[in-house]
Amino acid sequence: MFFASDNGSGAAPEVISALTRANEGYARSYGADPIMARVKTLVRQLFEAPEAEVYLVATGTAANSLSIALLSPPWSAIFAHVDAHAAMDECGAPEFFSGGAKMIPVAGAHGKMTPDTLKAALARIGEAGVHGVQRGMLTVTNVTEAGTVYTPAEIAALTAVAKSRNLPSHLDGARFANALVATGATPAEMTWKAGIDVLSLGGTKNGCLGVEAVVLFDPTKAWEFELRRKRAGHLFSKHRYLSAQMEAYLTEGLWLRLATQANAMGALLVQGLAQVPGASLLHPAPANMLFPLWPIGTNDRALSRGAIYYPMQGPEGVDHGRLVASWSTTGEDVDALLTALKP
Ligand SMILES: Cc1ncc(COP(=O)(O)O)c(C=O)c1O
């Protein structure tokens, strides 16, 4: 009954086996290992992006903040949804690594910016000459912090607004595989074909131990990224262990298989909510994360019966929670949770 987060899940057996294999003998350090060369080839093939550069780090915060720093000068504005992880949950790391760029919150229902809310933020910022921050970049999250999903067309509409101001765009894909499975989009459709310049490609939440890739679709700034990663202390010496995780993750569709299971369990939960009297959803839940509303007392009952999820502050007069399914969630886990929720 563990639904607190998808990073509460273990690592997939395929990833553990790959680590055991990578543990044999010796390998060159700092990303010069042969597995990393194969990871780069895999990413280029999967994203139909032969020019792309690929780097690995161990956390989503590192992937986001180094990517964002790459695209935003110290005096610039980073446009992000008001609830974006990079804005709210990374302790100012993107601002720190950029040397002082400023997060500008963009409104939008259900965790999603729209071209209009982005245009409104762009109109408000960057007009104060030398006194104000200058427009810098856009960062979009998919799956969003509300558990909703942008289609490639919705991302393209946002990046088009950014491009109309000559701003680059980053995608926080901590749950990128879940977004692909939810939309049926290809990796290329969800990223560079939709105007994304840099992607944080998550692995940790979806079956890896701890690895995220940064994919630069335009390699012009590759060397700068390498310097930033090293300077931030995120260049691993025993890099082969990061490479091995990412190779296993992307091989033979493992990433999509794991995300398919997580999303299927999310869908089962949505369906099962019909059995919980008075339950509804605060946001649509097409992937693996749900924000249910239910009668007061439901959280106390379920949590005292051993369910693990985050009770949330929500609308007055109801209980509210955040539930996240992962690659290792089973139908039995969902049934047990539904039983714990029912009076
Ligand atoms: C959308 C999103 N982006 C980035 C991250 C950051 O990942 P990490 O906790 O590995 O730094 C998270 C983690 O919860 C997340 O949910």
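The values are calculated or read from the model by the stated rules, or taken from the named source; none is laboratory data. Please read these numbers as outputs of a predicted model, since none were measured by experiment. Cβ placement follows ideal geometry from the backbone for every residue including glycine, while neighbour counts extend to all protein chains displayed.
Observations on the model:
- Qualifying residue in the stretch 37-59 (condition: closer than 30 Å to Pro292 by Cα and within 15 Å of the ligand (Cβ to nearest atom)): yes
The rows are residues; the columns are (1) of a type in the set (Asp, Glu); (2) outside any loop (DSSP other than H, G, I, E, B); (3) surrounded by fewer than 21 Cβ atoms within 10 Å (Cβ to Cβ).
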| residue | (1), (2), (3) |
| --- | --- |
| Thr20 | no, yes, yes |
| Gly25 | no, no, yes |
| Met36 | no, yes, no |
| Arg44 | no, yes, yes |
| Glu48 | yes, no, yes |
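- Failed condition for Gly136, given (1) within 16 Å of the ligand (Cβ to nearest atom); (2) small (Gly, Ala, Ser); (3) outside any loop (DSSP other than H, G, I, E, B): (1)
- Listed by first and then second residue, the pairs linking a residue in the stretch 202-216 that is of a type in the set (Gly, Ala, Ser) and modelled with pLDDT of 95 or more to a residue that is more than 10 Å from the ligand (Cβ to nearest atom) and assigned to a strand (DSSP E or B), with Cβ atoms under 8 Å apart and 6 or more places separating them unless they lie on different chains, are Gly203/Ala213; Ala213/Val54; Ala213/Tyr55; Ala213/Leu56; Ala213/Leu199; Ala213/Leu201.
- Within the stretch 50-61, the set of residues being surrounded by fewer than 22 Cβ atoms within 10 Å (Cβ to Cβ) and over 19 Å from Gly195 (Cβ atoms) comprises Ala58, Thr59, Thr61.
- Members of the stretch 78-131 that are over 23 Å from the mean Cα position of the chain (by Cα), among the β-branched types (Val, Ile, Thr) and not in a loop (DSSP other than H, G, I, E, B): Val130
- Filtered by the rule that a residue be within 14 Å of the ligand (Cβ to nearest atom) and buried (at least 22 other Cβ atoms within 10 Å of the Cβ), the stretch 79-102 gives Ala80, His81, Ala84, Ala86, Ala87, Glu90, Pro94, Phe97.
- Every pair of residues 6+ apart whose Cβ atoms lie under 9 Å, when the first sits in the stretch 48-62 and is at positive phi while the second is more than 9 Å from the ligand (Cβ to nearest atom) and at pLDDT 95 or above: Glu48/Thr186; Glu48/Pro187; Glu48/Ala188; Glu48/Trp192; Glu48/Lys193
- In this structure, Gly147 does not satisfy being free of Cβ contacts under 8 Å to residues at least 60 places away in the same chain and either away from the ligand (no atom under 12 Å from the Cβ) or in the same structural domain as Met137 (by TED's automatic domain parsing) (or both).
- Residue in the stretch 183-190 that is within 20 Å of Met36 (Cα to Cα), assigned by TED's automatic domain parsing to the domain that holds Glu154 and within 16 Å of the ligand (Cβ to nearest atom) present: no
- Lone unmet requirement of (1) surrounded by 17 or more Cβ atoms within 10 Å (Cβ to Cβ); (2) under 20 Å from the mean Cα position of the chain (by Cα); (3) closer than 25 Å to Met289 by Cα; (4) among the hydrophobic types (A, V, I, L, M, F, W, C) for Ala69: (3)
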